[in-house]
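Comments concern the structure below.
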Amino acid sequence: MKLSRLAEQTETSPILNIAADINARKQRGETLYNLTVGDFDPAVFPIPDALTVAITDAYRAHHTNYPGAVGLPPIRQAVAGWLNRACGLDYAAEDVIIASGSRPLIYSLYRTVVDPGERVVYPVPSWNNESYAQLLGAAGVAVETAPDNHFMPAADALAPHLKDAALLALCAPQNPTGTLFAEDNLRAVCELVVAENRRRGADAKPLYVLFDQVYWALTWEADAFRHPLTVCPAIADYAIFVDGMSKAFAATGVRVGWATGPRHVIGKMSSLVAHMGAWAPRPEQVAGGVFLADDAAVDAHLDAFRKRLSARLDGFYAGFMALKEKGHAVDAIVPRAAIYLSVKIDILGKRTANANALDSDGAVQDYILSEGKIGILPFSWFGAHNYANWFRLSVGTCKREDMPAIMASLESALDKLS
């Protein structure tokens, strides 16, 4: 039976499908290592104890009614305070809106600044921009990146596509690559947006830019992350920043996200969030406000969390370099942030022990899962069709003691190819 055109054109994320399939197979007793999802195993990476206590206390105090459209004042103030302290900004509580994670905020931003048929520019590989553009009936403009720039978009590559575009959608640190903007490149990108808006003039609809920054606090070097507002203050009139508790605090199921930006934009975003009913649960907002205002608890969690994540990412990077030294056609980009490692497994055209040809990145992915017992995601699933031999490896569910077995299993699978 017929449905709307939108419904018939929309498909479930293949990332969710493969993660569910791997987990189902593990429950049936298979030994598999699920390095696909941008999520955390709470048995490995639980949320901070102080946050657990605050959530429990909020439920016991019966904070269970509607939280309002823009978020409760204490958490808005706490978010502003943390960003000001950690990033050198000057936000007020009124500059912050709260929602049930970062996804409804990204969707509401698209809805706020993009009309059907207008152009949305985004680099690839990147997460979900193609789907958001499709949901709006917008024209997605994918700009390919390359490993020599750590798969981050260069300003000169974006420049030809920005004229008359409605939105430039960026993610930094980047999903799926776990890489960062260099400061000079970030400044150049911001200056492109400012220059395009000056060209359009005050009466024209601006080019807005989305910065999905949900991984910014998971950056290993203290001086590696640069907030765009500190690099190019003139971007403030056009930039919307989306963030949340999901990644920095391993709290993907807690569903507390926030956005900051020009008040005329975030005001309309909050109206859309309210119509969708996509506000964060009140107990989690109360708890989030308490936790984020506790500087010592936040800093203690992040210091320990970064060390645990970077140990895994650095360990896998070292493992891939060891395989490369042995002559295997693999490579990786030095990890600097987030929970992802960009890995190259260049075995297209090889044949398996039963003479099957690995003729696509999907076939490589299937082989690594079936023979190597490792689930990873090809960059083509993030729109990057020019680099079929690059994959995302996620450490959010990885036990450190499993890493030697994972690398040994991968090496064994590679050794069986001809």
Distances over 25 Å make up what percent of all Cα-Cα pairs in the stretch 122-225? 19
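Note down the magnitude of the dipole of the chain about its Cα centre, charges +1 on Lys and Arg C-beta and -1 on Asp and Glu C-beta and zero elsewhere, to the nearest 20 debye. The partial results should precede the final answer.
Values: 38 positive and 45 negative charges, 133 e Å.
Using Cβ point charges on Lys, Arg, Asp and Glu, the chain gives about 640 debye.
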Here the stretch 327-332 yields Karplus 3J(HN,Hα) values (6.51, -1.76, 1.60; θ = phi - 60°; whole Hz; Gly and Pro given as x) of x, 6, 7, 10, 7, 7
With Rh as the Kirkwood radius over Cα pairs, the stretch 221-322 has Rg/Rh of 1.05
Of the heavy-atom accessible surface of the stretch 1-138 (probe 1.4 angstrom), what whole percent is carbon and sulfur? 52
Please list the non-local residues whose amide H lies under 5 Å from the amide H of residue 175, H modeled 1.01 Å from N, same-chain partners needing a gap of 5 or more. 127
Would you mind checking which residues have amide H under 5 Å from residue 71's amide H? H placed 1.01 Å from N; only 5 or more apart, or other chain. 98
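Multiply the residue separation of residue 223 and residue 264 by 0.36 nm, subtract the distance between their alpha-carbon atoms, and state the gained length in nm to one decimal.
Values: separation 41, 0.36 × 41 = 14.76 nm, distance 3.16 nm.
Difference between extended and current length: 11.6 nm.
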Percentage of Cα-Cα pair distances in the stretch 33-152 greater than 26 Å, rounded to whole percent? 48
Residue-wise, which Karplus ³J(HN,Hα) couplings in Hz belong to the stretch 99-106, taking 6.51 cos²θ - 1.76 cosθ + 1.60, θ = phi - 60°, and x for glycine or proline? 8, 7, x, 7, 4, x, 6, 4
The chain: most fluctuating residue of 130, 221, 183 per GNM, C-alpha cutoff 10 Å: 221
Within a Gaussian network of the chain (alpha carbon springs, distance under 10 Å), most fluctuating of 311, 355, 287: 355
Determine the principal axes of the Cα atoms in the stretch 320-418, then give the extent along each, sorted from largest to smallest and rounded to whole angstroms. 38, 31, 24
If you take every DSSP beta bridge whose two residues both sit in the chain, what share of them, in percent to the nearest 5, is antiparallel? 50
Just by accessible area at a 1.4 angstrom probe, what is the order of 324, 163 from largest to smallest? 163, 324
Starting from the Cα-Cα distance between residue 412 and residue 1, subtract it from 0.36 nm times their residue separation and give me the gain in nm to one decimal. 143.1 nm
From the cross-link list 326/350; 307/416; 268/307, the entries with a Cα-Cα span beyond 28 Å are 307/416; 268/307
Who wins for biggest fluctuation among 236, 408, 133 in a Gaussian network model of the chain, springs between alpha carbons below 10 Å? 408
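Given the DSSP H assignment, sum -39500 (n - 2.57) over each helix run of at least 4 residues in the chain and divide by its residue total; what's the result at 222 nm in deg cm²/dmol, nearest 500? Each step should come with its number before you reach the end.
Working: 14 runs with 170 residues, N = 418.
That comes out to -12500 deg cm²/dmol.
Over 18 Å apart: what share of the alpha carbon pairs of the stretch 278-351 falls there, rounded to a whole percent? Write out the running numbers ahead of the final one.
Numbers: 1635 of 2701 pairs.
Of all Cα-Cα pairs in the stretch 278-351, 61 percent lie more than 18 Å apart.
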Which cross-chain or sequence-distant (5 or more) residues have an amide H under 5 Å from the amide H of residue 39, H modelled 1.01 Å from N in plane? 396
Gain on full stretching of the segment that runs from residue 230 to residue 16 - 0.36 nm per residue minus C-alpha separation: 73.5 nm
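The values are calculated or read from the model by the stated rules, or taken from the named source; none is laboratory data. Quantities reported herein were computed from a predicted structural model and do not represent experimental measurements. All Cβ positions, even for glycine, are placed from backbone atoms using ideal geometry, and neighbour counts span all protein chains on display. Surface accessibility is based on the protein's heavy atoms, side chains included, excluding ligands, DNA and RNA. Shrake-Rupley method; radii C 1.70, N 1.55, O 1.52, S 1.80 Å.
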